[in-house]
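The values are calculated or read from the model by the stated rules, or taken from the named source; none is laboratory data. Only a predicted model underlies this, so the values are computations on that prediction, with no experimental measurement involved. Please note: Cβ atoms are built from the backbone with ideal geometry, for glycine as well, and neighbour counts cover all protein chains shown.
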Amino acid sequence: MPRPSILVMRLLAVVAALVVVASSRAEDEPKKPPRHAEIIIEVKLVDDSVVKLTLLEGQVEYMTPHGKLMIPVADIRKVELGLRIPEDVASSIQAAAADLGSSQFRKREEAAALLLKHREKSYPTLKLAAKSADAEVSKRAEELLENSKPRCHEPG
């Protein structure tokens, strides 16, 4: 039977060999980029609905005329998105804005209700209508703008 010191030496040699093999295998494997912690955010929309998002990246890529810009998510304070109004809704909003000056009371009231229903979508049209030469249209458009102001604001 081998002496204890020889057994210890053999054991140390085996451990050293395993460490060398393990480290060489780690070098052969491609290095994976460190994974960022998932960021969970809540997005509140104009209609008061809330969307919960999980961001998998720690940065947002933004293309500028001067090249690509990488913005850390932690540095983003506010994002404003454009307003896209479907063609059929835009045409009904235009017609309703014109109806604000109708000689029929009921038609004016229906137009105002439709414009209030579309709130932020009707806001740009109401801004134009408020500058109308027709006093009735201008007055009603201004009233509707006042009623929709808490929900809509001009960027800037």
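Each residue in region 49-76 was checked for being under 30 Å from THR125 (Cβ atoms) and among the basic types (Lys, Arg), and 0 pass. Can you find even one residue in region 136-154 that is closer than 30 Å to GLY58 by Cβ and modelled with pLDDT under 95? Checking region 136-154: not a single residue is closer than 30 Å to GLY58 by Cβ and modelled with pLDDT under 95.
Do we have ASP47 as touching a helix residue (DSSP H, G or I) at 6+ places or on another chain (Cβ under 9 Å) and at pLDDT below 75 here?
Working: touching a helix residue (DSSP H, G or I) at 6+ places or on another chain (Cβ under 9 Å): yes; at pLDDT below 75: yes.
Spelling it out, ASP47 is indeed touching a helix residue (DSSP H, G or I) at 6+ places or on another chain (Cβ under 9 Å) and at pLDDT below 75.
The single condition among (1) touching a Leu at 6+ places or on another chain (Cβ under 6 Å); (2) within 30 Å of LEU126 (Cα to Cα); (3) of a type in the set (A, V, I, L, M) that ILE85 does not meet is (1). Applying a threshold of 7 Å to beta carbon distances and a minimum spacing of six or more residues, or different chains, the list of pairs starting in region 62-88 at a residue that is surrounded by 10 or more Cβ atoms within 10 Å (Cβ to Cβ) and ending at one that is in a loop (DSSP other than H, G, I, E, B) reads PRO72/GLY58; VAL73/GLY58.
In region 89-136, the qualifying residues are those that are in a loop (DSSP other than H, G, I, E, B) and surrounded by 14 or more Cβ atoms within 10 Å (Cβ to Cβ), and the one that is nearest to the chain's Cα centre (by Cα) is HIS118.
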